[in-house]
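Below is one structure; the comments refer to it alone.
The values are calculated or read from the model by the stated rules, or taken from the named source; none is laboratory data. The shown structure was predicted, so the numbers you read here are calculated from the model rather than taken from an experiment. Cβ atoms come from the backbone with ideal geometry, glycine included; neighbour counts cover every protein chain shown. Keep in mind that these areas ignore ligands, DNA and RNA; they rest on the heavy atoms of the full protein, side chains included. Shrake-Rupley method; radii C 1.70, N 1.55, O 1.52, S 1.80 Å.
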Amino acid sequence: MIRNAQFVDIHAMTLFLQECHARSHYAKSGVVNVDVNETKRLLGAGLGRHGHKGIGSCWLQVADNDGSIDGLMYATLARVYAIGDKLMATDLFWATSDRARPTDALVLMKNMINWAKSCPLVVEVRCGVTTVISDKPEATGRLLKTMGMQDYGAMYRLDLSGEKSCLALSAA
């Protein structure tokens, strides 16, 4: 069942995010760990702004299947490109586990989009698809396209975790 997250879910959502992290390339390389206190602070702050319609508002829903958190949507409203006079909705976390129902990810995203549409200043919904947890983001991209989203560019990453010092890139 997809439902609004509650403060009582913070511990279970934190465990779910730790489970997601364990599947990530960050955990596999041992470079980044989950800061549990920050995770709980972030979830609590978002829950306090859940469903609001202005800048900084959040949307938190979970896939709760028989008492187990198997999916999470945490989205927020921010100014378009940080300086716009209108807002965009963007996901911070949108993930499901292998235990989730096949439709859970879709319903979590649809509900977030419907919330964004209900917010008068929101002019776009933006969702990134990365290889943080999965090395096959194409399936997620196809799912987003079924909801009317379009390709909007690309993300690039420079891994600095192996760097011994911060060196400026030389202009060649």
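Numbers below:
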item	result
Flag if Pro120 is open to solvent by 100 Å² or more (accessible area, probe 1.4 Å), under 24 Å from Gln61 (Cα atoms), at pLDDT 85 or above and over 19 Å from the mean Cα position of the chain (by Cα)	yes
Residue count for segment 14-60, restricted to those that are closer than 17 Å to Ser97 by Cβ and among the aromatic types (Phe, Trp, Tyr)	1
Residue within segment 64-80 that is of a type outside the set (S, T, N, Q), open to solvent by 70 Å² or more (accessible area, probe 1.4 Å) and at pLDDT 95 or above present	yes
Residue in segment 45-60 that is closer than 20 Å to Leu106 by Cβ and under 15 Å from the mean Cα position of the chain (by Cα) present	yes
Cβ pairs under 7 Å, 6+ apart, first in segment 139-159 and farther than 25 Å from Tyr26 by Cα, second open to solvent by less than 50 Å² (accessible area, probe 1.4 Å) and assigned to a loop (DSSP other than H, G, I, E, B)	Met149/Cys127
Which numbered condition Ala89 fails, given (1) open to solvent by 30 Å² or more (accessible area, probe 1.4 Å); (2) under 15 Å from Cys119 (Cα atoms); (3) small (Gly, Ala, Ser)	(1)
Test set (1) open to solvent by 50 Å² or more (accessible area, probe 1.4 Å); (2) modelled with pLDDT of 95 or more; (3) in contact with a Lys or Arg (Cβ under 6 Å, 6 or more places away or on another chain) - Ile133 fails condition number	(2)
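Results for (1) open to solvent by 40 Å² or more (accessible area, probe 1.4 Å); (2) under 23 Å from Leu160 (Cα atoms); (3) β-branched (Val, Ile, Thr); (4) in contact (Cβ under 8 Å) with a residue 24 or more places away in the chain, shown as yes or no for each residue.
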| residue | (1), (2), (3), (4) |
| --- | --- |
| Ala5 | no, no, no, yes |
| Asp9 | no, no, no, yes |
| Leu15 | yes, no, no, yes |
| Lys28 | yes, yes, no, no |
| Asp35 | yes, yes, no, no |
| Gly44 | no, no, no, yes |
